[in-house]
Structures are given as structure tokens and as C-alpha cells.
1. Would you say GLY44 is closer than 18 Å to VAL227 by Cα, in a strand (DSSP E or B) and open to solvent by less than 10 Å² (accessible area, probe 1.4 Å)?
2. Filter the range 214-256 down to the residues that are open to solvent by 30 Å² or more (accessible area, probe 1.4 Å) and under 22 Å from VAL165 (Cβ atoms) and list them by number.
3. Mind checking which residues of the range 124-137 are within 19 Å of THR4 (Cβ to Cβ) and surrounded by 15 or more Cβ atoms within 10 Å (Cβ to Cβ)?
4. Please state which one of PRO55, PRO15, PRO38 is more than 24 Å from LEU234 (Cβ to Cβ) and in contact with a strand residue (DSSP E or B) (Cβ under 6 Å, 6 or more places away or on another chain).
5. Please go through (1) in contact (Cβ under 8 Å) with a residue 60 or more places away in the chain; (2) in contact with a helix residue (DSSP H, G or I) (Cβ under 6 Å, 6 or more places away or on another chain); (3) in a loop (DSSP other than H, G, I, E, B) for PRO49 and return the number of the only condition it doesn't satisfy.
6. Can you name the residue in the range 125-179 that is in contact (Cβ under 8 Å) with a residue 24 or more places away in the chain and of a type in the set (Lys, Arg) and is also nearest to ILE192 (Cα to Cα) among such residues?
7. I'd like to check something: does the range 84-91 contain any residue that is touching a helix residue (DSSP H, G or I) at 6+ places or on another chain (Cβ under 8 Å) and open to solvent by 50 Å² or more (accessible area, probe 1.4 Å)?
Amino acid sequence: MKVTLLQTDIHWARPDENISEAARLIDTHPAADLYLLPEMWSTGFATNPVGIAQPETGNAALQWMRREAVRRKCAIGGSLAVQLADGSYRNRHYFVDGHTDRIYYYDKHHLFTYGHENEHYTPGQERIIVSYGGMRLLLLTCYDLRFPVWCRYSSTLAYDAIVVVANWPAARQGNWQVLTRVRALENQCYLIGVNRVGDDCFGHYAGGSCVIDAYGGTVAQCRKNEVEALTVSLDLHELQRRRQKFCVLEDRDEYAIL
């Protein structure tokens, strides 16, 4: 499966400009099976969504994801700040399958309390795995990456790749480098991490979007501080071979989340 990481510089609260930039980058890599955008890619990381988040129904960015996925016969993923019909706000990681015209979503579970995200958004309580292109993909969003129990591979949470979309600041770029590799290594899976570049009122973002393999090795990584589209091929048979050869997952502990 060919996956294209779209490492964008997000224009604050300007969805139309961010949609145009995403479309431009996709056009530079037209043959991928899956395109992935960062966290809150259409607005920037709006911890206070009032006046910035759009209603889920009629959301321009989500409608664009759906149109493009159907037109290109691919899938497009990324998170958006949305307001639901009940008035609540969600940091919702969408996965739009253009082959079936179906929309999956995961609501960020670990809200970023340090940045007061928890004061406005409702956390999700379900872990979501999407089957696409013969692979099982676990959807995560940014801060979730710090919590290994939530995404631990198990008999009830079996997957082939973790997909994490992020607005991860340059001040903690070293943590991003470590955590993306550790999550892949401990779960013997691919990890696809898509981060943004540029600046907003909260700080600077250096990117570091990457694909990590089941041994914790870097398959590919976007350049630091640059807008970039990067396409990587994921090999399910090689992943299965590695899991069978070095059977770490068979010795894992079993537990329940309370």
C-alpha cells in the first residue's frame, strides 16, 4: 500500500487556504492509496474552538476529503475541529475511504490538558481500527502517542499500523522522535506519523513526519521545517514475516483498561 504523508504549514483559522494547499500537495503525488494530513489540518490546533470549529454537517474540509477520496479512488485521513449537533466539540480524526464512500472517525481520547484542550472538547472513549488496503490501521491523535496502554496491541486490539496525526511542537521534537519509534517497536507494527510545520500563536512546529517499521527503524522521514509530500510503500508480508520470526507479541501481558 502506498501512503503519502502531507506535511503542511497550516494557516490559522483559514480552511479554504488549507484545503487548497492540501490539494496542491496531493497533485504532486497522484498515485497513492492513502493520503494523511496533520491534526486539525484545516484550522490549526484550536484549543478554544469557539468561532473556529465548523459544524460537522456541511463541514467544508470534510466535504473536500470525501470528494477527493471518491474522485481519486483513494483514502484521505486527518483530524478536524468540529462541533456536533448537540453543541459539543470534538477533535475528530477522520478516515474517508473513497472506494466505498464511507467515513470512519476516531475522537481524540487524551485531550491536551497542558494546552487546555480538555476545557472545550469532549474526549472519545473508543479505539478505532479501520481495515483498508488489506491492512488494519489504528487511528490516534497527537497526545495519544504518550500513552502506551491506550494503543497496546492485544487480542482485542490487533492491527498492522498505527496512524497518528499531530500538531507536535518543535520544543518537544525529541519526544516525537522517541515515541513514534517506541510505539512501533513495542507493538511490532508500522507507525505512520504526520506532523505539521510552521508557526502559530502557541509556537513553532518542525515536522518530522515519518514511517517507522516493526523494529523501530526509520523507513522514511520528511525534511525538518519544510512543507513536503512523501510517499512510502508499506509491505504487509514483510511485517508478518518479522512478527513470525521474532515473536515478541506472543509474550505480551494481557490487561483491561478501567
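The values are calculated or read from the model by the stated rules, or taken from the named source; none is laboratory data. A quick note: this is a predicted structure, and the numbers were derived from the prediction, not measured. As a convention, Cβ positions derive from the backbone with ideal geometry for all residues, glycine included, and neighbour counts pool all protein chains shown. Note: accessible area is taken over every heavy atom of the protein model, side chains too, but ligands, DNA and RNA are not part of it. Shrake-Rupley method; radii C 1.70, N 1.55, O 1.52, S 1.80 Å.
1. So GLY44 does not fit the description; no.
2. If the condition is that a residue be open to solvent by 30 Å² or more (accessible area, probe 1.4 Å) and under 22 Å from VAL165 (Cβ atoms), then THR218, VAL219, GLN221, ARG223, LYS224, ASN225, GLU226, VAL227, LEU230, THR231, SER233, LEU236 are the ones that fit.
3. Result: VAL130, TYR132, GLY133, MET135, LEU137.
4. Unique residue meeting the criteria: PRO55.
5. Unmet for PRO49, out of (1) in contact (Cβ under 8 Å) with a residue 60 or more places away in the chain; (2) in contact with a helix residue (DSSP H, G or I) (Cβ under 6 Å, 6 or more places away or on another chain); (3) in a loop (DSSP other than H, G, I, E, B): (2).
6. ARG136
7. The answer is no; no qualifying residue exists.
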